[in-house]
Amino acid sequence: MYDIIIVGGSLAGSLTALSLNKKNPFLKICIIDSEPANTPIMDNRATALSPSSIKLLTELEIWERELKPYSAPIRHIHIGMTSSNIDLTFTEARSPLGYNVQNTILKSALKIQMSTNNSTTVKNRSVVKDILIQNSYGEVVLENNTTFKGRLIIGADGRNSKIRSLLSTTETIPYKQTALTGTVSHSAPHNNQAFEFFLPQGPLAFIPLPNLNTSTLVWSLKNNLLPSKKAEIEKILCNLARPYLGEIIFTSTIERYPLTTFVAKQIAGHRWVLVGDAANAIHPVAGQGLNLAIRDITHLAQHVYKQQCLGLDIGSQTHLIDYATSRQKDRYSLIGITHLAATQMTSPSKLISHFIRRGLKWGNNKKGITNYLIHVAQFGI
């Protein structure tokens with residue numbers, strides 16, 4: 001019998017195991033992962049980590065040596081309705097707004113940290129078939145009919161979560177958009193600035209990397225406007241961003257991801273809870289998906305630790321529903337904000353565009369408004 005079984009061993013699963021173990025080194029944890037143990041890390045994306053995420057990574061003793069030297073501080077964020085008119089600027093004088101790190105580096109650091117975690121057992125090449133919830137434990141049934149029992153089962157198995165499909169239902173918003181992601185080089189230095197352009201084709205973001213002439217690109221394009229050739233995409237990007245970044249060339253393959261926002265109607269119940277993309281997936285327009293997941297994981301670890309300290313059942317429905325309720329405001333607010341940004345700020349309507357532009361210009365002159373938005377992005381609601 002395990003204390004906790006985590007289904008999914010990628011970013012959310014690894015961070016959950018490490019966070020729980022940091023709070024209580026004596027927890028007996030098992031990670032069930034469908035991937036082979038030595039699967040190569042193939043991910044050209046990057047993650048903009050907020051201060052609250054960096055706080056957890058620092059506590060896990062990963063940030064200072066393994067991640068910070070290979071991350072780029074984000075000191076300014078420029079937001080505009082067109083590439084020729086920057087309407088809103090976020091700047092944090094005291095410290096960076098966040099740090100951008102490539103996913104290959106982040107995943108490699110977590111993999112190394114997990115290899116030294118003796119309290120966690122990892123079962124690779126293990127595909128979940130069913131979940132059986134009993135009064136005093138939950139049981140994970142694999143496709144080969146092997147079973148594992150635990151007092152708490154955590155679903156961290158991503159967007160196509162098997163655990164979510166077995167234990168909850170999902171509300172889905174299809175965007176009819178595809179995200180183009182990759183690494184680009186540019187002739188002008190970024191000077192640790194991130195750019196977000198809300199274009200009629202869809203939101204376009206450049207996020208700085210440690211090399212001053214290299215950035216991560218995320219462009220959420222409407223499917224009917226999706227260019228097919230790399231040279232065509234580079235030409236469009238140069239025309240849009242030349243005033244800020246100069247000539248642009250892809251230095252990685254261009255990856256494409258269909259975009260859908262969804263939220264599990266129930267993220268916790270008796271003996272089970274969902275975290276990360278298993279619980280909800282948001283539009284990448286604000287780059288906050290992993291930061292939201294890390295805030296969920298941080299709060300869950302605190303709830304479990306408190307329950308243990310009181311000598312109570314870590315898998316009880318009362319305790320887990322209490323955790324889920326405490327996360328509702330942050331989750332639904334961020335989902336709503338990113339949905340509005342992805343749909344309304346790229347609206348072809350001249351009237352909507354006019355009012356959004358006026359609002360951005362008004363907000364840019366209100367220090368209290370920009371400070372509040374910075375705080376929400378950094379620490380949640």
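The values are calculated or read from the model by the stated rules, or taken from the named source; none is laboratory data. In this text, all values refer to a predicted model and were calculated from it rather than measured experimentally. Please note: Cβ atoms are built from the backbone with ideal geometry, for glycine as well, and neighbour counts cover all protein chains shown. All accessible areas refer to the heavy atoms of the entire protein, side chains included, with ligands and DNA or RNA removed. Shrake-Rupley method; radii C 1.70, N 1.55, O 1.52, S 1.80 Å.
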Just to be sure before I move on: is ILE173 under 26 Å from ILE335 (Cβ atoms), at pLDDT below 90 and open to solvent by 30 Å² or more (accessible area, probe 1.4 Å) in the structure I sent? yes
Candidate set from the stretch 1-56 (those that are under 15 Å from the mean Cα position of the chain (by Cα) and more than 29 Å from ARG256 (Cβ to Cβ)); member that is surrounded by the most Cβ atoms within 10 Å (Cβ to Cβ): ILE54
I need the full set of residues from the stretch 59-70 which are open to solvent by 30 Å² or more (accessible area, probe 1.4 Å), over 17 Å from HIS299 (Cβ atoms) and not basic (Lys, Arg), in order please. GLU61, GLU64, GLU66, PRO69, TYR70
Report yes if some residue within the stretch 169-184 is touching a His at 6+ places or on another chain (Cβ under 9 Å), assigned to a loop (DSSP other than H, G, I, E, B) and over 30 Å from MET1 (Cβ atoms); otherwise report no. no
Using beta carbons and a limit of 9 Å, which pairs, at least six apart or on different chains, have the first residue in the stretch 48-76 and at positive phi and the second one of a type outside the set (D, E, K, R)? GLU61/GLN113
If we take the stretch 108-155, then strands (runs of 3 or more DSSP E) inside it with 2 or more residues that are touching a Gly at 6+ places or on another chain (Cβ under 8 Å) and touching a residue at least 60 places away in the same chain (Cβ under 8 Å) are 128-133, 138-142, 147-155
Matching residues, the stretch 199-237, being open to solvent by 10 Å² or more (accessible area, probe 1.4 Å), modelled with pLDDT under 85 and of a type in the set (Gly, Ala, Ser): SER228
State which residue pairs qualify: first residue closer than 30 Å to LEU340 by Cβ and part of a loop (DSSP other than H, G, I, E, B) and inside the stretch 240-264, second residue modelled with pLDDT under 90 and of a type in the set (D, E, K, R) in any location, beta carbons under 7 Å apart, and separation of 6 or more residues or different chains. ILE254/LYS230
Restricting to the stretch 1-54, name every residue that is more than 30 Å from TRP219 (Cβ to Cβ) and charged (D, E, K, R). ASP3, LYS22, LYS23, LYS28, ASP33
